[in-house]
1. Please enumerate, by chain and number, the lysines with C-alpha under 28 Å from the C-alpha of residue 13, excluding those fewer than 8 residues away in the same chain.
2. Once both axes come from the Cα atoms, what is the angle between helix 64-82 and the longest principal axis of the chain, in degrees from 0 to 90, rounded to 10?
3. Using a Gaussian network model on the chain with a 10 Å cutoff between Cα atoms, which of 137, 87, 65 fluctuates the most?
4. From the residues 132, 64, 119, which one has its Cα farthest along the dipole of the chain in the positive direction, the dipole being from +1 and -1 charges on Cβ of Lys/Arg and Asp/Glu about the Cα centre?
5. Using the Cα centre as the reference, give the magnitude of the dipole from point charges on the C-beta atoms of region 11-150 (Lys, Arg: +1; Asp, Glu: -1; all else neutral), rounded to the nearest 20 debye.
6. Given that just one value was derived from the coordinates, which of (i) 19.3, 60; (ii) 19.8, 85; (iii) 14.7, 46 is Rg and Dmax of the Cα atoms in Å?
7. So if we plug the beta-carbon distance of residue 15 and residue 65 into 1/(1 + (r/R0)^6) with R0 = 30 Å, what FRET efficiency do we get, rounded to 0.05?
8. Using Cα pairs closer than 8 Å and at least 6 residues apart in sequence, work out the relative contact order for the chain, in percent.
Amino acid sequence: MSARRGVRLHIPKILDILPQRYPCVMVDRVTELLVGQSVRGHKMVSANEPWCQGHFPGQPILPGVLIIEALAQIGAILAYASEPFDVSRSGMYFLGIDKVKFRNTVEPGDRLDLFVEVIQHRTNVWKLRGEATVDSVLAAQGELLASIVDR
């Protein structure tokens, strides 16, 4: 992986890194990657996603837990790019969240922009700060704790 701005990862490479598969893949593109520092990307929110029928009928909004999952997934991509690991043998597991706040709703048709930066990294544990925005308006923010462990 490169440490340059403008690095773009599309779905095939994202699927090489993440263990999730549809409908649980929450990152559609990585648009900027600074190894060991930060990552930017987005998720295109579609009306045909399975959560739309029940959250909420007639006025669907992306569940907050899925916004946090999107931040965790792009954080895993950052960790992999910073210190590549064998994805068939190891994975990044979510340990906790802190200081999470939801500011605005995310609806079908929105592009959910994701930004995650490293707060701290020691051995296999990563502490990250993430923000999710739509049209530069903050939708959610928080701190994530994750670890790379053997499967």
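Just so it is clear, none of the values below were taken in a lab; they were calculated from the coordinates. What you see is a predicted model; the values in this text were computed from it and never measured. All Cβ positions, glycine included, derive from the backbone under ideal geometry; neighbour counts span all protein chains shown.
1. 43, 127
2. 20
3. 65
4. So the residue furthest toward the plus end is 119.
5. Working: 13 positive and 16 negative charges, 31 e Å.
That gives a dipole near 140 debye.
6. The value matching this structure is (iii).
7. Details: r = 22 Å, r/R0 = 0.72.
FRET efficiency, residue 15 to residue 65: 0.90.
8. Working: 313 pairs, mean separation 36.2, N = 151.
Answer for the chain is 24 percent.
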